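Here is the structure we will look at.
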Amino acid sequence: MSKQYGPEYVRAIAPYQAGKPISEVAREFGLNEEAIVKLASNENPFGVPESAQKAMAAAAAELGRYPDANAYDLKLALSKRYDVPMDWITLGNGSNDILEIAAHAFCERGQSIVYSEFSFAVYALATQGIGARHIVVPAKDYGHDLDAMAAAIAPDTKLVFIANPNNPTGTFIPGAQIEAFLKKVPSNVVVVLDEAYNEFLSPEDQFESALWVKQFPNLLVSRTFSKAYGLAGLRVGFSLAQPELTDLMNRVRQPFNVNSLAQAAAIAALNDREFLARSAQNNKAGYEQFVQAFQELGLEYVPSYGNFVLVKVGNDDGAGARVNLALLKQGVIVRPVGNYGLPQWLRISIGLPQENAILIAALQKALASAE
């Protein structure tokens, strides 16, 4: 009998499925890398802002030394931006790291974590990774049902994950509903409000969740530099919470989990308001471009508040995989979401206008060939 290493709950984990890289698609289908359009991973199509590139070049001279483990300069910049003390900030190797740290810091094996159906895959992975019990609340219109989530909190629940806007569906919960939910949650249950796509919200939808951190000691707000700020490859995330939570987070956080170049780039990007505004403007125009095309093609889609759109490409459970393959053969990478329980759908990131146009033309061909 062969040995089985590790606990059962770790062996049961289905590894995270990342979007296909351009180089892999080029090799697999014999395509020219430069002609491939990647709209799979919700990256900023403008790439790294010039301000961040200059900051990294200046920081490169010190790469022979360890990064500042406490990231003083970055925390100072975040402290000023969100008007919270520096010891209310925890940094992560991307916001994924923040979510994993929260699970390890606040929940034990056998205790429960609440999250919604069709929410970010890492919530399930973080729960499974510590041997916690999953409480998955059925979605409402592809988004969070906060009343049902509040009712689902059990005596052993230690953590609740909420994504707003939600990935992969793009749904959004207005601020008043979030605040009402926070008032219902027992004070010994930590609520992680994951706002990775916050910067893409229109001004009328935005609210400052950092203010709630001052009101609710059990709230942890998670943000990232990977999306609107264009730093996906550098992996910089952060959270805001009161010291009782950040102290525990820092006890399990890896030292030096945000490298020197990432810290320098994040400070520059945080203060680059022009780049952020240009990214939001491009996203708004691209969303309208997609919506018009989907309507003309007669495709159902979920109204999105992020930098992507979830679109239904067929009525059978093989539709998503089939249309995705047809797109890959044309050099267009999108994200199938069968692993989320949405096998008829694809998640498509918003790119530059010309990239969006290529996707629309390729999708039209893919749908025609699938009939």
Please go through the range 349-371 and pick out each residue that is surrounded by fewer than 22 Cβ atoms within 10 Å (Cβ to Cβ) and either polar (S, T, N, Q) or closer than 21 Å to Lys284 by Cα (or both).
-> Leu352, Pro353, Gln354, Glu355, Ala357, Ile358, Ile360, Ala361, Gln364, Ser369
Inspect all residues belonging to the range 42-53 and state whether any of them is at pLDDT 95 or above and under 30 Å from His134 (Cα atoms).
-> yes
Failed condition for Gln111, given (1) crowded, with 18+ Cβ neighbours inside 10 Å; (2) under 20 Å from the mean Cα position of the chain (by Cα) = (2)
Picking from Leu299, Leu346, Leu342, Leu325, which residue would you name as being in a helix (DSSP H, G or I) and either closer than 28 Å to Ala280 by Cα or not polar (S, T, N, Q) (or both)?
-> Leu325
From the residues in the range 228-255 that are farther than 20 Å from Leu63 by Cα and among the polar types (S, T, N, Q), which one is nearest to the chain's Cα centre (by Cα)?
-> Ser239
Among the candidates Val334, Val291, Val323, Val258, which residue alone is buried (at least 21 other Cβ atoms within 10 Å of the Cβ) and more than 18 Å from the chain's Cα centre (by Cα)?
-> Val323
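What strands (runs of 3 or more DSSP E), lying completely within the range 127-197, carry at least 2 residues that are touching a Cys at 6+ places or on another chain (Cβ under 6 Å) and crowded, with 20+ Cβ neighbours inside 10 Å? First the steps, then the outcome.
Working: elements: 133-137, 157-163, 190-194.
Once the strands (runs of 3 or more DSSP E) in the range 127-197 are filtered for at least 2 residues that are touching a Cys at 6+ places or on another chain (Cβ under 6 Å) and crowded, with 20+ Cβ neighbours inside 10 Å, what remains is 157-163.
Check whether at least one residue in the range 296-318 is basic (Lys, Arg), surrounded by 14 or more Cβ atoms within 10 Å (Cβ to Cβ) and modelled with pLDDT under 95, and report yes or no.
Taking the range 296-318 and keeping what is basic (Lys, Arg), we get 312.
If we keep only those that are surrounded by 14 or more Cβ atoms within 10 Å (Cβ to Cβ) too, we end up with 312.
Keeping just the survivors that are modelled with pLDDT under 95 gives none.
No: zero hits.
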What about Lys214, is it in contact with a Phe, Trp or Tyr (Cβ under 6 Å, 6 or more places away or on another chain), more than 21 Å from Ile348 (Cα to Cα) and of a type in the set (Lys, Arg)?
-> no
Considering only residues of the range 202-228 that are assigned to a loop (DSSP other than H, G, I, E, B) and at pLDDT below 95, which is surrounded by the most Cβ atoms within 10 Å (Cβ to Cβ)?
-> Ser209
With the first residue restricted to the range 184-213 and required to be under 17 Å from Asp83 (Cα atoms), and the second required to be part of a helix (DSSP H, G or I) and of a type in the set (Phe, Trp, Tyr), Cβ contacts under 6 Å at 6 or more apart or on different chains are Ala210/Tyr82
When the residues of the range 26-52 are filtered to those that are buried (at least 18 other Cβ atoms within 10 Å of the Cβ) and aliphatic (A, V, I, L, M), which remaining residue is farthest from Gln281 (Cα to Cα)?
-> Ile36
Of (1) within 21 Å of Glu195 (Cβ to Cβ); (2) touching a helix residue (DSSP H, G or I) at 6+ places or on another chain (Cβ under 7 Å); (3) not in a helix (DSSP H, G or I), Gly314 fails just (1)
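The values are calculated or read from the model by the stated rules, or taken from the named source; none is laboratory data. This is a predicted model, so every value here is computed, not measured. Virtual Cβ from ideal backbone geometry, glycine too; neighbours counted across all protein chains shown.
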